[in-house]
1. So which of 45, 24 is in contact with a Leu (Cβ under 7 Å, 6 or more places away or on another chain) and either of a type in the set (D, E, K, R) or in contact (Cβ under 8 Å) with a residue 12 or more places away in the chain (or both)?
2. Keeping to segment 72-96, report how many residues are surrounded by fewer than 20 Cβ atoms within 10 Å (Cβ to Cβ), closer than 17 Å to residue 16 by Cα and of a type in the set (Gly, Ala, Ser).
3. Only residues that are more than 22 Å from residue 122 (Cβ to Cβ) and in contact (Cβ under 8 Å) with a residue 12 or more places away in the chain: list them for segment 70-95, please.
4. Looking at (1) surrounded by 14 or more Cβ atoms within 10 Å (Cβ to Cβ); (2) within 21 Å of residue 24 (Cβ to Cβ); (3) touching a residue at least 60 places away in the same chain (Cβ under 8 Å), which is the one condition that is false for residue 57?
5. Kindly evaluate residue 35 against the criterion of being crowded, with 19+ Cβ neighbours inside 10 Å, farther than 22 Å from residue 124 by Cα, modelled with pLDDT under 95 and not β-branched (Val, Ile, Thr).
6. Can you find a residue that is of a type in the set (Asp, Glu) and under 21 Å from residue 135 (Cα atoms) anywhere in segment 56-70?
7. Mind listing whichever residues of segment 101-124 are exposed (fewer than 15 other Cβ atoms within 10 Å of the Cβ) and farther than 23 Å from residue 65 by Cβ?
8. Any residue in segment 116-141 that is on the phi > 0 side of the Ramachandran plot sitting within a Cβ distance under 7 Å of a residue that is in a helix (DSSP H, G or I)? List the pairs, counting only those 6 or more apart or interchain.
Amino acid sequence: MSDVLFEEIPSLLLRTVPESADCLGEKYGMPAEEAVLTEDAALDLHSVLAECFTASVLMPQLESDTPDTELLARCWEFVERLTAHSLESVRGAAYFEVLEPLLNADGLVEAAWPYMNERTQARALMMLDFYGVYLPGINRSPGCRSPRST
């Protein structure tokens, strides 16, 4: 998997997850197709991911009783590209703006887990362990009691 150029990540988001278009357009006050080509969109990578991907597309799908599984698969393909990127700043944006918010919401890691790709799952496991969050079936054997449930 080759790196996408840093400044092309917003365009990659729009191509991979066109459901982010409304938020991107609103954020920059122009059509999403133009917004992702601006320097601001690339420089605002953290807020673009937090607002136009995680909050507006990913989390609502993970919280849904009837999630769009094809959309979730595309979302996690996008995240996998970011977590595999050669730039630490891109990987960090994915960790802090996509994965970390899932740790703060009950049931979202479990809902996301089947859709995550290998590299993203490995990073999520590291983050769960670092924060001392133990989830049955993910980083804790099913018979063990999770400290989160006490």
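1. From the options 45, 24, the qualifying one is 24.
2. 2
3. Listed by number, the list holds a single entry, 71.
4. Failing condition for residue 57: (3).
5. no
6. Within segment 56-70 (the criterion being of a type in the set (Asp, Glu) and under 21 Å from residue 135 (Cα atoms)), the answer is yes, since at least one residue qualifies.
7. Matches in segment 101-124: 118, 122.
8. Close Cβ pairs satisfying both conditions: 132/147.
The values are calculated or read from the model by the stated rules, or taken from the named source; none is laboratory data. These numbers come from a predicted model, not from an experiment. Positions of Cβ are backbone-derived with ideal geometry, glycine not excepted, and every protein chain shown enters the neighbour counts.
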